[in-house]
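Notes follow once the structure below has been shown.
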Protein chains: 2
Amino acid sequence: MYYIGVDIGGTDVKTAIVDKKGNILAKAQCPTLAHRHFSEITKDFCLTALEALNKSGKTLDDIASIGVGIPGIADHKTGRVIFCTNLNWFDIPLKEEIQKYIDKPVYIDNDATVAGYAEYINGVSKNRHSSVFITLGTGIGSGIIINGKPWSGFHGAGSELGHAPMDFRNGIQCSCGNKGCVERYCSATAIIRMAREAMDGLDNGLMLSKCNGDLNNLTAKIVIDSAKEKDPVAVSVFDEYIENMCKMILMVICIIDPEVIVLGGGVSKAGEFLVDAINANIHKHLLFKTVAPPEILIAKLGAEAGVIGAAMLGLEER
Amino acid sequence: MYYIGVDIGGTDVKTAIVDKKGNILAKAQCPTLAHRHFSEITKDFCLTALEALNKSGKTLDDIASIGVGIPGIADHKTGRVIFCTNLNWFDIPLKEEIQKYIDKPVYIDNDATVAGYAEYINGVSKNRHSSVFITLGTGIGSGIIINGKPWSGFHGAGSELGHAPMDFRNGIQCSCGNKGCVERYCSATAIIRMAREAMDGLDNGLMLSKCNGDLNNLTAKIVIDSAKEKDPVAVSVFDEYIENMCKMILMVICIIDPEVIVLGGGVSKAGEFLVDAINANIHKHLLFKTVAPPEILIAKLGAEAGVIGAAMLGLEER
């Protein structure tokens with residue numbers, strides 16, 4: 001059997017036909033046009049998925065199920081989207097709507113969760129005992145894979161590491177309403193904030209020249225590239241970021257203790273420079289100094305992780 | 001078949017013969033005398049377990065396995081105790097030593113983890129989808145039960161919620177070496193610290209009278225009892241404690257999102273007073289306001305949870 005995967009992003013919806021090993025047979029995508037009613041968006045991506053199916057040379061008889069990754073959370077029992085902020089979806093019967101066009105079992109989960117599952121099925125954490133996937137982007141998404149399956153909790157609100165409190169008393173205000181959430185300290189946005197603070201009052205330096213003298217052009221990549229080139233201000237920002245990352249990883253160990261932690265998202269493009277820095281610093285934070293910490297890996301499926309992981313949600317009854 | 005459960009505490013080792021539903025057939029216990037070599041301690045509790053077996057009217061042929069709860073962490077693959085601080089055990093071949101006396105499969109796990117498992121097998125969280133058990137005592141222990149089994153992580157270092165960082169920047173120093181660990185804010189010890197701080201400079205009041213004028217007599221129970229009696233200082237301490245608890249629970253939701261959270265340990269004796277205060281305050285901390293938080297329950301197995309949960313470790317191949 002084969003599986004339809006759908007990855008709903010703010011700009012595009014990607015669809016793919018995927019085999020049971022996580023290999024893509026064919027793909028198609030359409031613009032999300034996120035301002036529209038969910039029924040129109042759903043109709044469009046269902047037709048796009050059928051286009052991918054046609055390209056793949058398979059038919060609906062070959063399809064076991066359709067899986068959808070959303071930038072939000074879903075209720076697995078009802079197939080309703082509980083919350084999807086950048087699409088403005090609240091309590092949407094997505095499964096029911098999809099089945100008007102493709103009458104197959106529908107599975108819905110968070111986009112970071114399905115990306116982490118894709119890495120487990122056919123990526124860098126393939127067949128590992130347990131893994132926590134963490135996307136380091138504008139915010140922080142996460143996907144917990146245990147017992148070979150994605151874990152999103154009983155109510156669908158789990159695997160949201162970015163909003164776990166790590167600085168609850170005097171922490172930085174988060175857009176979610178709480179203070180001191182993990183993503184305030186470990187996202188790409190956090191690196192930019194820290195670099196801006198460190199550059200306050202400086203009128204020259206490598207980072208400023210890399211952003212053509214305009215701090216509005218500052219990116220996490222500029223900070224990390226400058227740290228690689230040993231710019232002292234960038235190095236101090238990067239060192240502080242690594243401390244933050246180690247505390248986040250300590251939290252993950254103290255609760256889940258997975259075999260591996262997979263880093264994805266923009267910041268993960270720093271690759272071994274990031275992994276080496278974490279590995280060089282994690283031990284001093286560990287609770288049990290003689291117990292190995294999780295292996296830190298960089299995600300490898302990139303933009304295709306979403307459709308692969310979403311498709312694989314139907315791999316077996318969950 | 002029946003199962004031997006062993007609960008190694010700092011003062012006593014409890015043993016029991018347990019059926020597959022988590023019912024105790026017979027019990028026996030011996031003093032730990034923790035200063036001794038682990039081989040002597042092990043010999044004593046194995047003989048004690050055999051005494052319990054004899055009392056139960058069963059024989060070794062009826063026993064499937066022996067499970068041990070330890071105040072520390074173990075490597076499930078090797079059966080070695082990695083770390084058990086108050087017994088001064090480091091990298092101890094406990095499984096091998098036990099099998100000199102009782103030649104059965106041996107399973108070892110953390111004492112809070114097995115207590116949480118006991119509540120799942122035959123206690124307040126019986127057969128619930130997923131649960132996180134949290135002991136609120138001198139420190140904080142925890143046990144995560146998912147997919148019907150205890151989860152201690154790949155390296156055995158998971159399910160140690162008490163040492164997850166929740167105040168990593170300017171947090172209170174913890175005995176583990178890190179700052180801002182959960183147990184600095186949510187344990188019985190934390191309540192006492194907060195009450196002492198609040199009572200600084202006060203020379204009268206309900207709490208001071210309940211501890212006969214000597215703050216060395218102050219306990220979490222005195223603080224909570226005084227809050228129940230609406231002593232304003234105690235109420236403000238208890239309110240702050242509930243805020244801390246809600247942040248810890250938010251962390252648990254953002255990662256695990258279990259169906260239920262089970263509270264055990266000394267502070268949990270506050271019962272519905274504690275549960276009601278958490279339920280009245282948790283919503284304002286939630287990331288997803290429309291998603292129900294886990295149900296908060298008070299543990300019911302008490303001192304027998306350790307032997308029951310340890311015994312049940314052998315219920316099926318883990």
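The values are calculated or read from the model by the stated rules, or taken from the named source; none is laboratory data. Since this is a predicted model, take the numbers as computed values, not measurements. Ideal geometry is used to build each Cβ from the backbone, glycine not excepted, and the neighbour counts take in all protein chains shown.
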Completion exercise
In segment A:89-113, residues that are closer than 20 Å to A:Asp44 by Cα and either assigned to a helix (DSSP H, G or I) or more than 14 Å from chain B (Cβ to nearest Cβ) (or both) total 17
Fill in the blank from the handout: Just one listed residue, out of B:Thr32, B:Thr48, is in contact with a Cys (Cβ under 8 Å, 6 or more places away or on another chain) and either at pLDDT below 95 or not basic (Lys, Arg) (or both), and it is B:Thr48
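Please go through segment B:248-280 and give me each residue that is within 13 Å of another protein chain (Cβ to nearest Cβ), in a helix (DSSP H, G or I) and either touching a helix residue (DSSP H, G or I) at 6+ places or on another chain (Cβ under 8 Å) or charged (D, E, K, R) (or both), ordered by number.
Keep residues of segment B:248-280 that are within 13 Å of another protein chain (Cβ to nearest Cβ), which gives B:248-261.
Then drop every residue that is not in a helix (DSSP H, G or I), which leaves B:248-255.
Across segment B:248-280, the qualifying residues are B:Met248, B:Ile249, B:Leu250, B:Met251, B:Val252, B:Cys254, B:Ile255.
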Problem - Test: residue in segment B:14-29 that is within 23 Å of B:Ile92 (Cα to Cα) and out of contact with any strand residue (DSSP E or B) (no Cβ under 6 Å at 6 or more places or on another chain) - result: no
Problem - Unmet criterion (only one of (1) out of contact with any helix residue (DSSP H, G or I) (no Cβ under 6 Å at 6 or more places or on another chain); (2) part of a strand (DSSP E or B); (3) crowded, with 24+ Cβ neighbours inside 10 Å) for A:Gly116 - result: (2)
Exercise for the section: Inspect segment B:292-303 for any residue being more than 24 Å from A:Cys254 (Cβ to Cβ), out of contact with any Asp or Glu (no Cβ under 6 Å at 6 or more places or on another chain) and within 14 Å of chain A (Cβ to nearest Cβ) and give the result as yes or no. Expected result: yes
Exercise for the section: May I ask you to verify whether A:Ala198 is in contact (Cβ under 8 Å) with a residue 40 or more places away in the chain and not acidic (Asp, Glu)? Expected result: no
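Just to be sure before I move on: is A:Asp75 among the charged types (D, E, K, R), surrounded by 14 or more Cβ atoms within 10 Å (Cβ to Cβ) and at pLDDT 95 or above in the structure I sent?
no
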Exercise for the section: Give segment A:24-40 a look and list any residue that's farther than 22 Å from A:Tyr3 by Cα and buried (at least 17 other Cβ atoms within 10 Å of the Cβ), or say none. Expected result: A:Ala34, A:Phe38
Problem - Residues satisfying the stated conditions in segment A:34-61, i.e. hydrophobic (A, V, I, L, M, F, W, C) and without any contact (Cβ under 8 Å) to a residue 40 or more places away in the chain - result: A:Phe45
Completion exercise
Note on B:Thr11: of the conditions (1) surrounded by 15 or more Cβ atoms within 10 Å (Cβ to Cβ); (2) touching a strand residue (DSSP E or B) at 6+ places or on another chain (Cβ under 8 Å); (3) among the β-branched types (Val, Ile, Thr), unmet is (1)
Exercise for the section: Would you be able to say whether some residue in segment B:48-66 is within 20 Å of B:Ile92 (Cα to Cα) and part of a strand (DSSP E or B)? Expected result: yes
Exercise for the section: Read through the list (1) buried (at least 16 other Cβ atoms within 10 Å of the Cβ); (2) within 19 Å of B:Tyr185 (Cα to Cα), then give the number of the only condition that B:Glu259 fails. Expected result: (2)
Exercise for the section: Quick one: in segment A:213-247, of everything that is acidic (Asp, Glu) and part of a helix (DSSP H, G or I), which residue is nearest to the chain's Cα centre (by Cα)? Expected result: A:Glu243
Exercise for the section: Look through B:Arg128, B:Arg80 and report the one residue that is among the charged types (D, E, K, R), within 12 Å of chain A (Cβ to nearest Cβ) and more than 30 Å from B:Cys176 (Cα to Cα). Expected result: B:Arg128
Exercise for the section: Quick one: count up the residues across segment B:297-318 that are farther than 19 Å from B:Gly79 by Cβ and not in a helix (DSSP H, G or I). Expected result: 5
Exercise for the section: Given the conditions (1) farther than 28 Å from B:His129 by Cβ; (2) crowded, with 17+ Cβ neighbours inside 10 Å; (3) in contact with a Leu (Cβ under 8 Å, 6 or more places away or on another chain), report the number of the one that B:Glu240 does not fulfil. Expected result: (3)
Practice task
Test A:Lys179 against the stated conditions and say whether it is touching a residue at least 24 places away in the same chain (Cβ under 8 Å), at the interface with chain B (Cβ under 10 Å from one of its Cβ atoms) and surrounded by fewer than 21 Cβ atoms within 10 Å (Cβ to Cβ).
Solution key: no
Problem - Tally of residues being in a loop (DSSP other than H, G, I, E, B), of a type in the set (Gly, Ala, Ser) and either more than 8 Å from chain A (Cβ to nearest Cβ) or out of contact with any strand residue (DSSP E or B) (no Cβ under 8 Å at 6 or more places or on another chain) (or both) across segment B:143-176 - result: 2
Completion exercise
Scanning segment B:30-59 residue by residue, those among the hydrophobic types (A, V, I, L, M, F, W, C) and either under 18 Å from B:Leu315 (Cβ atoms) or in contact with a strand residue (DSSP E or B) (Cβ under 6 Å, 6 or more places away or on another chain) (or both) turn out to be B:Cys30, B:Phe38, B:Phe45, B:Ala49, B:Ala52, B:Leu53
